[in-house]
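To keep things clear, I will list the structure first and then write my remarks on it.
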Amino acid sequence: QVQLMESGGGLVQSGGSLRLSCAASASILSIKYMAWYRQAPGKQRELVAGIDSGGTTKYADSVKGRFTISRDNTRNTGYLQMIGLKPEDTAVYYCYAADFRLYNYWGQGTQVTVSS
């Protein structure tokens with residue numbers, strides 16, 4: 001069982017930056033895949049970025065070139081660095097992880113609000 005805790009959300013002006021963190025309660029060496037999803041009001045949850053245990057990443061087209069996902073196995077933490085934020089990036093951001101048994105875990109979410 002892995003618990004995920006996000007932090008780093010907040011209010012930022014358009015063009016600003018934030019770094020989200022996802023701290024895992026267990027070694028993330030047991031985690032095959034980590035990702036960040038987001039959900040805006042009235043919209044479905046969508047994949048923002050993902051990273052596998054080998055470091056291969058994928059991004060939604062809407063965030064390519066602006067967001068960077070990473071993981072620090074020594075700190076059992078995943079990150080989402082966000083630059084050039086836009087009002088349309090406003091959402092609750094969720095950390096997701098799947099272990100090698102393919103069990104899924106979700107964090108509680110952190111609010112990101114980008115003002116114009």
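The values are calculated or read from the model by the stated rules, or taken from the named source; none is laboratory data. Predicted, not measured: the structure shown is a model, and the values here were computed from it. Using ideal geometry, Cβ is built from the backbone for each residue, glycine included, and neighbour counts are taken over all protein chains shown. Surface accessibility is based on the protein's heavy atoms, side chains included, excluding ligands, DNA and RNA. Shrake-Rupley method; radii C 1.70, N 1.55, O 1.52, S 1.80 Å.
Under 12 Å from the mean Cα position of the chain (by Cα) and of a type in the set (S, T, N, Q) - does that describe any residue in region 3-16? Don't jump to the end; show me each part of the working.
First, the residues of region 3-16 that are under 12 Å from the mean Cα position of the chain (by Cα): 4-9.
Adding the requirement that they be of a type in the set (S, T, N, Q) leaves 7.
For region 3-16, residues under 12 Å from the mean Cα position of the chain (by Cα) and of a type in the set (S, T, N, Q): present.
Give the residues of region 83-116 that are among the hydrophobic types (A, V, I, L, M, F, W, C) and either open to solvent by 90 Å² or more (accessible area, probe 1.4 Å) or assigned to a loop (DSSP other than H, G, I, E, B) (or both), sorted by residue number. Spell out the reasoning first.
Of region 83-116, the ones among the hydrophobic types (A, V, I, L, M, F, W, C) are 83, 85, 91-92, 95, 97-98, 100, 102, 106, 112, 114.
I83, L85, F100, L102, W106, listed by residue number.
For region 20-29, state whether one or more residues are at pLDDT 95 or above, surrounded by fewer than 13 Cβ atoms within 10 Å (Cβ to Cβ) and within 14 Å of Y93 (Cβ to Cβ).
No: zero hits.
Whether any residue in region 57-71 is under 15 Å from A24 (Cβ atoms), open to solvent by 60 Å² or more (accessible area, probe 1.4 Å), in contact with a strand residue (DSSP E or B) (Cβ under 6 Å, 6 or more places away or on another chain) and not acidic (D, E) is what I want to check.
Within region 57-71 (the criterion being under 15 Å from A24 (Cβ atoms), open to solvent by 60 Å² or more (accessible area, probe 1.4 Å), in contact with a strand residue (DSSP E or B) (Cβ under 6 Å, 6 or more places away or on another chain) and not acidic (D, E)), the answer is no, since none of the residues qualifies.
When you scan region 21-40, how many residues do you find that are out of contact with any Ser or Thr (no Cβ under 7 Å at 6 or more places or on another chain) and either of a type in the set (S, T, N, Q) or without any contact (Cβ under 8 Å) to a residue 12 or more places away in the chain (or both)?
Counting residues in region 21-40 that are out of contact with any Ser or Thr (no Cβ under 7 Å at 6 or more places or on another chain) and either of a type in the set (S, T, N, Q) or without any contact (Cβ under 8 Å) to a residue 12 or more places away in the chain (or both) gives 4.
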